[in-house]
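Only the coordinates and a few stated rules stand behind these numbers; no lab work does. Keep in mind that this is a model prediction, so the values were computed, not measured. Counting neighbours? That spans all protein chains shown, and the Cβs are built from the backbone with ideal geometry, glycine included.
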Amino acid sequence: MAGHLMVVGGHISDAENMAGAVMLKHKKAGWDITIVHATTGEKGHPTLSAEDYLVMRLEDARASAAFIDANMELLPYGDGELPVDDAAIWLMADLIRKYKPSLVITHWKGSFHIDHNNTHDVVTQALFRAGLPAFEREHPAHSPRGLLFAENWEDMEGYHADIYLDVSDVFDDYLALLKTHALMREDYSSFRYWDYYKALGEARGALGGYERAVTLMRPRSLYSFERQPGLLHS
């Protein structure tokens, strides 16, 4: 059954890195896709000014959205500047109401990067507000059916894979999607992003029993338990 997948990344390229293959797989199945970049991520180039790198980042964001045929939204925050406040939470909640995703994917909170942790908090709080009809906004209330956290090399503190998703059929396209970002196609980062995500797909595939796979984590909830009235079973 077709749905609508929204992926929220802390910076331009995060959504594509951690969930690009998921987006491509679901787009192939007829889903609508929306990418939300919480910040522009323009301060990370070792030689370019933030202003010049911002131009490149925006071009890359548009190119990757076009590659997937996805909607693309950008919150008005610079790299390292995403707050967890009413303004940011309502911006995200309004996008959830506008696009009405059936599933949202974002960062796990166990990150060493402040924008990733704050994105996690903004999204989870926005989901609460987006779903309450008593908050009267431009668009009616909407609650997605599910929330998942994607695997990102910067967010691994306390991350536990709950889902191994087979992405073998879209993995070559995923690698091509990554190359729409200068971070992946140019040799200026101290971290080998493209090599890492290529190898990660192979490693997760080996663990999951597929040729290539990605992992996702479910939210931990008070209500995520099994009722067992009788004896324990294996």
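A few points about this structure:
- Estimated FRET transfer efficiency when R0 is 25 angstrom, pair ALA29-ALA203 (beta carbons, to 0.05): 0.50
- Computed over neighbours whose Cβ is under 10 Å from that of ALA65, the net charge equals -3, Lys and Arg +1, Asp and Glu -1.
- About the Cα centre, charge dipole magnitude for the range 44-90 (Lys/Arg +1, Asp/Glu -1 at Cβ), debye: 140 debye
- Difference of contour (0.36 nm per residue) and Cα-Cα distance, GLU138 to ARG218: 25.8 nm
- Proximal charge balance of ASP79 [Cβ under 13 Å; K/R count +1, D/E count -1]: -3
- Overall size of the chain from C-alpha positions, given as principal axis extents largest first: 64, 47, 34 Å.
- Taking every C-alpha pair closer than 8 Å and separated by at least 6 residues, the mean separation divided by the residue count of the chain gives a relative contact order of 21 percent.
- Close Lys-Lys pairs in the range 4-156, where close means Cα under 27 Å and separation is 8 or more or interchain: 11
- Calculated log₁₀ intensity ratio I(q)/I(0) where the Debye formula runs over C-alpha points of the range 39-131, q = 0.23 Å⁻¹: -1.29
- Residues ASP173, ASP86, ASP155 arranged by fewest to most Cβ contacts within 10 Å: ASP86, ASP173, ASP155
- Comparing GLN125, PHE112, VAL170 along the charge dipole axis of the range 96-189, the residue lying farthest to the positive side is GLN125, per the Cβ-charge model.
- Positive-end ranking of LEU148, PRO76, LEU48 along the dipole of the chain, with charges on Cβ about the Cα centre, is headed by LEU148.
- Label-to-label distance, LYS98 versus GLU81, with points set 7 angstrom from Cα along the beta-carbon direction: 2.0 nm.
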